[in-house]
Structures are given as structure tokens and as C-alpha cells.
Amino acid sequence: MANKLISQMGLPPSIANVFAARNIMTAKDALSLPEFELMTLLDMGLDQVKSAVERISEIICPPYQTALSLMEDRVRLGGHLPTLLRGLDDALCGGIPFGALTELVGPSGIGKTQFCLKLSLLAALPFCYGGLNGRVVYIDTEYKFSSHRMVEIGKNSFPQIFQSEGMAQQMAGRIIVVRMSSLPEFMERLQQLKFTLIQHDVKLLIVDSMAALVSGVNDTSTAGPKQHLLRWPLSFLKSLAEFSRIPVVVTNQVRSQNTDEAFHYPFQVQEKDSSKNFERLESHLIAALGIQWAHAVTIRLIFEAHSGVWWVGERGAVEILLACKGGHVQHNP
Amino acid sequence: MEIANLPISPSHRAKLLSAGYTTFSSLSAVSPSQLARDLNIALQEASDILKVVSDITRSESLHGGNAILKGAQTAWDMLSEEQMQKRITTGCDDLDTILGGGIHCKEVTEVGGVPGIGKTQLGIQLAVNVQIPVEYGGLGGKAVYIDTEGSFMVERAYQVAEGCIMDTLDKFGHHRKVILDCQEQMQPNSFLANIFYFRICSYTEQIAVINYLQKFLAEQKDVKIIIIDSVTFHFRQDFDDLALRTRVLCGMSLKLMELTKTYNLAVVLLNQVTTKFTEGSFQLTLALGDSWSHACTNRVILYWNGNERHAYIDKSPSLRSASAPFSVTSKGIRNATSQCKRVRMM
């Protein structure tokens, strides 16, 4: 949209020619400049510049919808992938949402990959069993995908489906696993994914895990360069999710946080001093990948183990504390 | 006003000055054909220039509003106007109190905070609360929600609308007549129908939508709040030229302020945070830099205080710096409860 050519916008020819003569070809060029600068550059009166900018803006501006019609679209086209964990589905208003980036965060061994395996199965199931009847692209960066485990989960959770001949093969056949371990490779594959998603009826994209891609980069260990690297994959993943209306699930690691790193606002400084001693004793865990990434994901599911035991069979003793992003905080026993 | 400041093209201005026309009085007596001959331009262009000059001189001599200065208002008039304005409630009484009753119309309020603190929740709550009918003490207006991150969840908006309607009807439970009159308006679906949603995917579209809003608002008379969630996202991603970014942001903020004054509505901008190295340590601050921090009228920062969510008025011409606790519940933003569960990890 931003790169639409001015010559194709139906402006009066004299004005369109002036824009072209000054090398302002796309709407992006025109709208990036303040109006006075445009006036100087194009040598036109202010009124003319204003009306040209108005016309360009009107064409570039995306159409609006009322929230009601958004709701109706979601109901009609389906908006969620149910996880079959009732508390989670209730809090997420139906399940993992389409068109948004969902992040799974937790310490290692808590069950993020298991959850991803379960989600892949759920997406591959036919409609009659509550699935999305589609393919799944599973990007595995830590070589953790275990097809044996996935079939085991399938047999235990949906015995009636997996009993019948060939179903296991068909379901497993719908899950496409891609292994990669470097960020440049990831970025290259993402480009190809755009077409694959539409052509092959992919209904779910899982990246397990995102943090592993970045941590492999040989840079000085400051937050700056790493966040910069993620900017493009991040916005690309988001746009992929939205335009193909599929859920995109990404897993993230945690790292321990130095108490010196605990960031505060300038007006909070005084409060920090009084509790400084107490805080030093605890070491907090925070999600990796930084604050800019955290702003960009729509839903963040944080996995914590409270009872000390996790993953006992299918309905494990993992307590899922729902994160504050995307909904209100709710505690699931 | 000088010739040098006329809003005409630079080449015409240069020609006027070099032909000897330095003041307006010198232009008042000249005819279009004479000007065309002197400047060596087409007749139509000369008459356009004279028209611009006469418009300006005419408007300067008009007495608008105040006899002393055109278009000015006395402070007393402004005060009486402000006192008649209704505020948009946020749903949390403490937060409303520190905001002076709620979000003000005719002002640009910026709300910033770390991810997960509730900025989008506050945005959705305001988009719903602005629609509370006048009979129930609200503004009865519509909302424009400009989403740059894709974080607007329509099911959540439905939940918040339901919660708001339920609480409003509870509060006014004894006024039976009022309830019957507004029956159709007080349905979650009709609240959703009054939220206009724009999904923006690049900064060009963000600029375009703000330009387009001038036309949109002229057609949709009832819009009382514009929420931009978030104003930062595209400006952090695509810009390498920071000087250009500052200029574009300035232009955008001026246009938004103009919109609030012309159409008498509130603008709420949601912003992200970043870290800044000041006074020897890293501190949190709102994104987009120091020049952007001048763009808004009021600035509210949402932050975690231990396990509770708090809001702090960071900058305001009339409100005192204060903080207030609030909480995010299934019904939306409400007063803080005594026990609040905060997830251990950030």
C-alpha cells in the first residue's frame, strides 16, 4: 500500500507530472515529507499541496471496519484454535487466536515443545474432531521435534482417530518439519514460506524456538544488536500471521536477571532504594529477546511449575498462569 | 504579514521580491494583468497570487471572537467551556480522580508502559466507555481505534462492553425509566458497532489515516475519542533517518492536536518503553525520544509497583503528579483489589 505509485492515483495530470519530475514516485515518499517541504520542493502553492496530500492519503488509507463486523467475520471464518484445555480456552476466548503472534515462555523442561506438539496435532485433525484440517509448518531450531512422541500423544489423546488404519500416517503426514539453526537461514526460509502457506493450505506455523536462533549469533552480549536483528523477522511473522489469518506460535527461553538490571522509571528511584537489599536475594527470571520483542507479541503464555511436578501424562500437573498481555490475569488450579 | 511568508510557491515569491513588491500595500493597487507583465507569469497565476493576498488581508481585519485579537478567547470563556465538558471515565475511580475526572476532550493524552501492563486494555476500555449514553453520565459518542500492532482482540472488546453495560445499569438501577429508554443502545453489539477500526501496516499508512481522519470526522459527527495503539510500532521498525522521523512525528502530533480542537474530541496515544542511559544507570522511559515527549498534552505512565498496577501522571499542564492503583479484570479496567496476582516473570 505504501509503495503505490503516485502516477496511478488519478491526480490531475499537471500535479502528477510535478511529483514525478521531482522524483517523488510513491506515496511513501510524498507522505514522509512535511507539507511546507513539499511546497518548496515542488514549487506549488500550499492549497494545491494540501489537496494533493489529502487525495493521496485517502487512497492509501486502509478501509475501516466496525468492531461488530470484525466480530462477525471472526465468527464466520473461525477465529481460534481450541487447545482443549478448558481454562486456557476460556481465558483466551476460544483458543489460540488466528492472525496474531502467540508466545510461549518458560524455563527449560517445562513442556513448551510438548505443548507445540499437541497444537500441531490439533491443527491437523479433521473438522469433525475439532481440528483445522490443515497442514502445519513446524520450524525446529533446537532439534527437539520428536515424531515418536507426537504419535504417542495422538494415540493417547485421540484414540478413536488413531486406531483406524492410515490415520496416524495421514495426520503425521500433514506436519511439515523444517530444521534450521541460523538466523540468516531462517530469514531466507521465511520469504519462501509466504507462498507455501497459501499454496498448501497451512493452518498453523510454529517456531520452536526463537531465542535459539538469536543466541547463536556471535555478537557482543549486549541487548542492542540482537534486538536489531530480530526486527525484520518479527514484523514479517506478524504480517504473515495477519494476511494468511493463521495462528503463529513462537517459543521463547528465559534467562536470569541481574538485579542491577531491574529497570525503573525516574520517578520510581526512591522506592527502589528501600527494597534493594531484599531484591538482591532473589534472582528473577525474565523472558529472553528483550523488550521490543515483548511489545510485538500479542499473547504471551507463561509456563511455571508450582507443584514441582510437571508433565504427568496428558493432563499434567503444569499450572498455566495466564499472562497479563491480551486478557486479564487468571489463575488456573 | 510579509511577502516572504506568503503561502505561495517559492519561485513566485522570489519573482515578487525581485520585481520590487515587498509589502502588501504595494500589491493592493496593482491589477492582475499588470502583475503578470511585471513578473512575467501567466495571467491566471497572477490573479491567484492577488487572491491569496486579499484573503489574508481580509481575515486580519475581521473581528473574530475577541475584539483585541482575531480568533482569540478569553481565559474565562475557556474555563466555562472546560467545566461544561464531560470527561471519559476509565472505569477505575482512583485513576479518574488523578486524571481530574477522566480523559479530557480537546487534549492529547499519551499512555505508556511496559508490555503486559494493560495499555491495550485501557484503550479498549476507553473505546467502550466513551459510548455510555448521556443519560448515564457519559458522552454517548463513538470511537476510532487505529491499530498498528494487531493487538485489538474483538472478543475482549465484547467482554469489556458487557462488563461496562452491566456495571452502568447496576449503578443506575433505581431509575427505571432511564433504563427502558436506552434499552437498544445498551447492548454489547451496538457498542461494538460504534467502534471504527483501522488496521495500519506501515508508517505511511499511519500518516495517511491521520490525514484522512479530517474528512472522516467531518462525516461522522459523533466520534469523541481516537485511540492509536500504538503510535510507536512502525516508527521503531522502519526508520533509519532519525531526523526525518522527528519531523514526521512532529507533523503528526500537530495534526492530532488540530483534530482535537476542531472536532472537540480526545486523542489517546499508546506508547512503548525503551531504556535510556541517564545519570549513570539505565532507566525506563517512553519511546520515540525527547522531541516526541513535547507532543502530547498529558502523559500517563503505567507501571508495576510490587505486584500491583499503578498509573502515574508524568506530565500535565493542570494535573498534579500523582499515582493511583488500578487492576485489569474480566470486565475491564477497575479499581485495584487488595490481592492482585502478578506473574513472577516479566
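The values are calculated or read from the model by the stated rules, or taken from the named source; none is laboratory data. Since the model is a prediction, treat every value here as computed from it, not as a measurement. Cβ atoms come from the backbone with ideal geometry, glycine included; neighbour counts cover every protein chain shown. Please note that ligands, DNA and RNA were not included when accessible areas were found on the heavy atoms of the full protein model with its side chains. Shrake-Rupley method; radii C 1.70, N 1.55, O 1.52, S 1.80 Å.
Looking at B:Gln131, is it touching a strand residue (DSSP E or B) at 6+ places or on another chain (Cβ under 8 Å) and within 29 Å of A:Ile302 (Cα to Cα)?
No, not satisfied.
Which of (1) out of contact with any Lys or Arg (no Cβ under 9 Å at 6 or more places or on another chain); (2) in contact (Cβ under 8 Å) with a residue 40 or more places away in the chain; (3) not hydrophobic (A, V, I, L, M, F, W, C) is the odd one out, the single condition B:Arg156 does not satisfy?
So B:Arg156 meets the others, but not (2).
Being over 10 Å from the mean Cα position of the chain (by Cα), of a type in the set (Val, Ile, Thr) and either under 17 Å from B:Pro115 (Cα atoms) or not in a helix (DSSP H, G or I) (or both) is the filter here; which residues of region B:252-295 pass it?
B:Val273, B:Thr274, B:Thr275, B:Thr278, B:Thr285
Listed residues B:Lys142, B:Lys86, B:Lys51, B:Lys70; which is under 18 Å from the mean Cα position of the chain (by Cα) and at pLDDT below 90?
B:Lys86
In region A:153-170, which residues are in a loop (DSSP other than H, G, I, E, B) and open to solvent by less than 100 Å² (accessible area, probe 1.4 Å)?
Passing the criteria: A:Phe158, A:Ser164, A:Gly166.
So which residues in region B:290-313 are over 20 Å from B:Glu107 (Cα atoms) and either buried (at least 16 other Cβ atoms within 10 Å of the Cβ) or within 10 Å of another protein chain (Cβ to nearest Cβ) (or both), if there are any at all?
Once the filter is applied, which keeps residues that are over 20 Å from B:Glu107 (Cα atoms) and either buried (at least 16 other Cβ atoms within 10 Å of the Cβ) or within 10 Å of another protein chain (Cβ to nearest Cβ) (or both), region B:290-313 yields B:Tyr303, B:Trp304, B:Asn305, B:Gly306, B:Glu308, B:Arg309, B:His310.
Provide a single number: the residues in region B:145-163 that are charged (D, E, K, R) and under 22 Å from the mean Cα position of the chain (by Cα).
Residues meeting the conditions: 2.
Please return the ranges of helices (runs of 4 or more DSSP H) entirely within region A:59-125 where 2 or more residues are touching a Ser or Thr at 6+ places or on another chain (Cβ under 7 Å).
In region A:59-125, the matching helices (runs of 4 or more DSSP H) lie at A:112-124.
Show the residue pairs that are 6+ apart or on different chains and have beta-carbon atoms under 7 Å apart, the first residue being within region A:60-77 and in contact (Cβ under 8 Å) with a residue 40 or more places away in the chain and at negative phi, the second being part of a helix (DSSP H, G or I) and not hydroxyl-bearing (Ser, Thr, Tyr).
A:Ile60/A:Ala27; A:Ile60/B:Glu205; A:Ile60/B:Ala208; A:Pro62/B:Glu205
Quick check on my filter: what residues within region A:25-58 are of a type in the set (Asp, Glu) and part of a helix (DSSP H, G or I)?
Hits for region A:25-58 are A:Asp29, A:Glu35, A:Glu37, A:Asp47, A:Glu54, A:Glu58.
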